[in-house]
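The values are calculated or read from the model by the stated rules, or taken from the named source; none is laboratory data. Nothing here was measured: the structure is a model prediction, and the numbers come from that model. Here Cβ is always computed from backbone atoms with ideal geometry, including for glycine, and neighbour counts include all displayed protein chains.
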Amino acid sequence: MTDDPRISCEFDVAPLDIGNDKQLLFDDFLTTRKQGFTTEVGSWLGREGPLIVPDKPWEDHAIYLQPAVIQLEDRLQLWYPSADEKFKFHLCYAESTDGRHWDKPECGAVEYHGNTANNIVFDGHNEVEGPIFLDPIAPPERRYKGIFIGPTMLPPGAPALHGAYSPDGIHWTWCKGDRIINWYYDSFTSAFWDTRIKKYVMYVRDNVGWTERHAPYYRAVVRAESEDFENFPLPVRVLESTEPDPQEGQLYNPGVIQYPGAANAYFAFPSAFYRLDMFDVRLFTSRDGIRFTEPRDAPFMTVGQAGCFDAMMIHIGSGCVMHEDEVWFYYAGFPGSHLVLPGALEAVEQPRWGGIGLVRMRRDGFVSQRAGREEGILLTRPFRFAGNRLQVNMNASAGGCLQVEILSAVHVPISGFTFEEADLLHGNDIRKTVTWSGNPDVSALAGQEIRLRFRGKAVDLYAFQFLNG
C-alpha cells in the first residue's frame, strides 16, 4: 500500500456526488488505497512553430510574451503582444479555422502611424499583454473581458491593473473606476470566470521578497477572487518555486487555467526564471485553484533548440483549445534575453524576434496513474454517479491491460461487476467503454454509494467518467 498522506483514509470520507462529471486522476484525491500505481506526468504529443511570426511594422521588434486564445464554434481567436522598433507595445489579433494557419485581419480599431488598416486592437501605456476570456454571465456587449496596464501607477513606478470589456474582442472599453485591483503589474496575468465557485478569479505576479527564503527579491504567484469583475480584493500567495535556491526557478507568470469539461481540475503552467536569463515551463495541479502541487520536480516544457525562435524563453498563454482527442496550447517563444536591451538584436540574425508556437497534449493527459510491469491495484473513495456506462481514458499500448471492478462503499464486490466478470481492456483509447462479460450497463447502480477498483499492468490511467447513452 502507500503512505502518501494525500490519499484519503478509507473510513473517514463522505461519498462524493460526481454525476456525469469527468474525473481526472492527476493526484490521489480520489484514491483510498493503491499498490503498484504511481502518479506520473505526461508528455507533449508535439510542438509546432512558429505559427505566427513578426511580419508587420508594428511587430518590427518582436512578438512578445504570452498569447491568449478563445475557442468559438466556427473559429479560434488569438491575441498576442507585439513591440515595434521604438519598443511601443500593441495587442494584436489573429484568427484561424484550423489552429495552425492564422490570419491577421485589418480590424480598423486602432490607428498606427495614421492608418487603422492593421490588426492592432488595443494600445496600452506600456506593455499591453493581458488575459482575455469569455464571460458566460455577462451581456453580449461585455462578453469579452481583459486585464491590461492602465494609466495609473501603484506603487510609484509600477503599472496598475485595469479592466476592459468588449462585444467582439476587437473594440474595447475601459471599465469605470481607477483600477480593478490595488496591485501592480509586472508580467502576464491569468483570469477567468470560475465555473465551480461562480466568481471571477485573477492570478498575478508577486515581486515581494520572502524573508523565510532569504531572498531580497522573489517572484511568486498570488490569487484574488471576486463576484464583481471591476472590484477585486488584495491577492493571496498561492504558488512559489520549488527550487532550493530562492534565486532560481522563480515563477515569472501564473499560466493558470480551469480545465474545460472536468470537475475540480486546475492546471498552472508558469514560466520559471533562471539567472541565465532563460525560462522553461513548470506544471502545477490543483483541485480548488488555491492549493497547488508540483507532481514532478523537472520542467514540463523546455526551451527550444539553439537557433530556434524559442531558444531562451517560453511562456504558455491563457486558454486552451480542445481539438478532437487533443488539447492545444499556444505559447510565445523568444530567442534572446527577457531584458530586450538595445543592441541585443545583434545576437540573432533575423531583425525580428520571437513568435507564437503550438504544443499538443493528449486530452486529459497531463498526469496519469501508472502501473508498471507488475500488477497494480487502485481503489477509489466512495461516490455516487449518474449514467448507464463507464468510460476510461487509458493507454495500455500493445502489452498492457486494465480491468475495473465495482464495489459497495464497504468494499464488497458487486455481483455482475467483479474482476472475475470484468473484461480485459487493451490498447490506447481516450474513450474506452468498460464492460463486464460484454455488458456495459451500470444503470442499476446509479445513485448508490460505490467504489471503483482498478487492476492493471503496463498502463496509464488518466480519467474516468460515467455517461448516458
Check your understanding: Which of the residues that make up the range 294-335 are buried (at least 17 other Cβ atoms within 10 Å of the Cβ) and among the β-branched types (Val, Ile, Thr)?
Key -> VAL303, ILE314, ILE316, VAL321, VAL327
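Residue under question is GLU230, and the condition is that it be assigned by TED's automatic domain parsing to the domain that holds ALA191, over 15 Å from VAL204 (Cβ atoms), surrounded by fewer than 20 Cβ atoms within 10 Å (Cβ to Cβ) and modelled with pLDDT under 95; does it hold? Talk me through it step by step, then tell me what you get.
On the way: assigned by TED's automatic domain parsing to the domain that holds ALA191: yes; over 15 Å from VAL204 (Cβ atoms): yes; surrounded by fewer than 20 Cβ atoms within 10 Å (Cβ to Cβ): yes; modelled with pLDDT under 95: no.
Judged against the criteria, GLU230 is not a match.
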Check your understanding: Just checking, which of ASP441, ASP460 is modelled with pLDDT of 95 or more, of a type outside the set (Ser, Thr, Tyr), in the same structural domain as PRO382 (by TED's automatic domain parsing) and in a strand (DSSP E or B)?
Key -> ASP460
Exercise for review: May I ask you to list the residues in the range 358-380 that are closer than 16 Å to ALA463 by Cα and under 26 Å from the mean Cα position of the chain (by Cα)?
Suggested key: MET361, ARG362, ARG363, ASP364, GLY365, PHE366, VAL367, SER368, GLN369, ARG370, ALA371, THR380
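Within the range 166-185, work out how many residues are assigned to a loop (DSSP other than H, G, I, E, B) and farther than 21 Å from HIS90 by Cβ. Show your work before the answer.
Initially, the range 166-185 is screened for residues assigned to a loop (DSSP other than H, G, I, E, B), giving 167-172, 175-180, 185.
With the extra rule that they be farther than 21 Å from HIS90 by Cβ, the set shrinks to 176-180.
Looking only at that region, the number is 5.
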Revision key, fill the gap. Only one of (1) within 22 Å of PRO136 (Cα to Cα); (2) acidic (Asp, Glu); (3) under 22 Å from the mean Cα position of the chain (by Cα) does not apply to ASP74, and that is (3)
Study note, to complete from the structure: SER443 vs (1) crowded, with 20+ Cβ neighbours inside 10 Å; (2) more than 21 Å from LYS34 (Cα to Cα): all pass except (1)
Review point. Just checking, how many residues over the range 262-303 are over 20 Å from GLN247 (Cα atoms), out of contact with any strand residue (DSSP E or B) (no Cβ under 6 Å at 6 or more places or on another chain) and of a type outside the set (A, V, I, L, M, F, W, C)?
Key: 4
Practice item. Those residues that are more than 17 Å from the chain's Cα centre (by Cα) and closer than 20 Å to VAL281 by Cα, I need them from the range 60-71; list them, please. Key: ILE63, TYR64
Exercise for review: Consider GLU374 carefully, then state whether it is out of contact with any Cys (no Cβ under 7 Å at 6 or more places or on another chain), in a loop (DSSP other than H, G, I, E, B) and at pLDDT 90 or above.
Suggested key: yes
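Can you work out which of the residues in the range 107-122 that are among the aliphatic types (A, V, I, L, M) and within 29 Å of the chain's Cα centre (by Cα) is surrounded by the most Cβ atoms within 10 Å (Cβ to Cβ)?
Initial filter on the range 107-122 (among the aliphatic types (A, V, I, L, M)): 109-110, 117, 120-121.
Checking the rest, the ones that are also within 29 Å of the chain's Cα centre (by Cα) come to 120-121.
Details: ILE120: 25, VAL121: 23.
Here the answer is ILE120.
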Review point. Which condition breaks for ALA298 when tested against (1) modelled with pLDDT of 95 or more; (2) out of contact with any His (no Cβ under 8 Å at 6 or more places or on another chain)?
Key: (1)
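If we only count strands (runs of 3 or more DSSP E) wholly inside the range 33-114, which ones have 1 or more residues that are hydroxyl-bearing (Ser, Thr, Tyr)?
Of the strands (runs of 3 or more DSSP E) lying wholly inside the range 33-114, those with at least 1 residues that are hydroxyl-bearing (Ser, Thr, Tyr) span 37-41, 76-83, 89-96.
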Practice item. State which residue is nearest to GLY317 (Cα to Cα) when the search covers only the range 204-227 and only residues that are modelled with pLDDT of 95 or more and surrounded by 14 or more Cβ atoms within 10 Å (Cβ to Cβ). Key: ARG223
